[in-house]
Amino acid sequence: MNVPLFSPLQIRSLLLKNRLVMSPMQQYLSPEGLVGAWHLVHLGSRAVGGVGLVITEATAVSPEGRNTLFDTGLWNEAQVAAWRPVVQFVQAQGAKIAVQLWHAGGKGSHAHPAAGFHYLPPAEGGWVTKSASAVALDKQHTSEALTLTEIADLVADFAQAAKRAVQTGFDAIELHAGHGYLFHQFYSALANHRTDAYGGSFENRIRLLVEAVDAIRAVIPDAMPLLVRLSAVDFSDEEHAWHLADSVRLVAVLQQHGVDVVTASAGGFGMPDRAKVVPLYQVPYAEKIKADTGIFTGAVGLITTSEQANALIASGQADLVLLARELLRDPYFALRAATELHADPPVPVPYVRAFPPLTKG
Ligand SMILES: Cc1cc2nc3c(=O)[nH]c(=O)nc-3n(C[C@H](O)[C@H](O)[C@H](O)COP(=O)(O)O)c2cc1C
C-alpha cells in the first residue's frame, strides 16, 4: 500500500527512505564538545527504529557558541573523530544524518540544566556572551554587542564547522536559526537594536544568516542538502516582533541562496500562550511557508501519532515530520507507525522475526 509517510524524498542527491525525522535534542553530555557512547546508542537506536533522517542535537561551531559546557561541538579535529563512528552507525542502518550547527550567542554560558541552568560568569568557567545588541536575554546577565570583525569571524566559524561536517561524513547540515539563539537574535527586532548593516531594516537583520548560508554553501558539495530551523514567529504581541509573513519573506531569500528545507519551530524570547500549545500547534507555520515559497518544509511540535504524521504528508502541509519527545518515549516509533499504517516496516534484518510480513490484499 502506498503510505505517504513511508514514501521516499529526494533532496538534492540525498534520498530519504521515509518522511520521519528525529528532531534535534540536546543531551548536555559532552564535556569538551565530544560525543561518546551515549550518542552512539541514543542516535543509533532511532536509526535502528526506522526514521529516515536523524538530526543531531545543536552542535556548537566554537566554544563561545555553546549554551553550556556540555554541548556537542564541531570546532576541532578530536570532535570530528568522535562523531565519525556515530555517523557511520546511523548510515549503516539505512538512515541519513544531518548535523545541526549553531551558536547560542547571548543565550550562551549557562550551567548544566541539572545544576540550575543559570548564567555562568567567567569566574565560574563561563564567558562573556555576545549578541546582536547589548541586551539581557535571560534576565540574569547582559551580553555585549558583537563588533563587525567578530561577526566576520563568526561566519568563518560556521564555514569551518561545515567543512568539518563534510569531512566527518554527515549527509546534510541544518543551521539552528530559531529559539532565540544567535541568528534569531539578529533577525528579530526584539533582540536586535543595531544601527549598522546588521540592524534596522529586514534586509539588515537577516544579513548574518544569509552570510552564514553563503559561506557554508561555498564549502560544501552542491549535492549536499542545507536545512534551516527557524522560529517562524516570536511569541510576542509587539508589533516589531517577528511574524509569519517575515518568515515567508526570509525563506524566499534563503531559497535563492541554496537552502533546501526549512523546519518551522517558534519562540525563543517569550513563551506561547499555554492554551495554544495543542497537538500540531506549529504545523500552520510549515504549511504557510511551503504554500507561499514551494520549499520543502518540516513540521514539528506535539506530533505524537502515526495518523497525525501520515495526514501531514498526505495533505501536503509538510514534506517531513519531525518528532522529538515522542521518539524519546519510543525510539521505534517508525516501526510502530508503519505497522499501524499498513506500510512495510523498515525492520532491521536481525529483528525481522518480531515483525511478521503484512497480509497482502
Ligand atoms: C530534550 C530536548 C532537547 C532539545 N534540544 C534541541 C536542540 O538541540 N535543537 C533544536 O533545534 N531543538 C531542540 N529541542 C526542540 C525539539 O527539537 C522540538 O522542536 C520540540 O521538542 C517540539 O517537538 P516535540 O513536541 O515532538 O517534542 C529540544 C527538545 C527537547 C525535548
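The values are calculated or read from the model by the stated rules, or taken from the named source; none is laboratory data. What you are looking at is a predicted structure, and each value in this text was computed from that prediction instead of being measured. Here the Cβ is made from the backbone with ideal geometry for all residues, glycine too, and neighbour counts use every protein chain on show. The protein model used for the area step is the full one, side chains on, heavy atoms only, and it has no ligands, DNA or RNA in it. Shrake-Rupley method; radii C 1.70, N 1.55, O 1.52, S 1.80 Å.
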Practice problem: For the chain, report the translational diffusion coefficient in µm²/s to the nearest whole number, using Stokes-Einstein at 20 °C, 1.002 mPa s, and a Kirkwood Rh over Cα pairs. | Solution: 104
Quiz item: Thinking of region 124-256 as a set of Cα atoms, what percent of all their pairs are more than 25 Å apart?
Solution: 27
Quiz item: At a 1.4 Å probe, what is the % contribution of carbon and sulfur to the accessible area of region 164-219?
Solution: 50
Quiz item: Ranked highest first by the average count of other Cβ atoms within 10 Å around their residues, in what order do 63-71, 212-220 fall?
Solution: 63-71, 212-220
Quiz prompt | J(HN,Hα) series, region 332-337, from Karplus relation 6.51 cos²θ - 1.76 cosθ + 1.60, nearest Hz, glycine and proline x | solution = 9, 3, 5, 5, 5, 4
Exercise. Set the Förster distance to 35 Å, then compute FRET efficiency between Asp273 and Phe202 from the Cβ-Cβ distance, nearest 0.05.
Key: 0.85
Quiz item: Between their Cα atoms, which of Lys17/Lys290; Lys130/Lys163; Lys163/Lys276; Lys107/Lys288; Lys96/Lys139 are more than 32 Å away from each other?
Solution: Lys163/Lys276; Lys96/Lys139
Practice problem: Roll a 1.4 Å probe over the protein heavy atoms and report the accessible area of Val87 in Å², nearest 10. | Solution: 0
Practice problem: Return one number: the angle in degrees, 0 to 90 and rounded to the nearest 10, between the long axis of the Cα atoms of helix 244-256 and the longest principal axis of the Cα atoms of the chain. | Solution: 80
Exercise. Compute the distance in nm between two label points, each set 7 Å from the Cα along the Cα-to-Cβ direction, one at Val219 and one at Arg336.
Key: 4.0
Quiz item: For the chain, what is the accessible area per residue in Å², given a 1.4 Å probe and the full set of protein chains?
Solution: 40
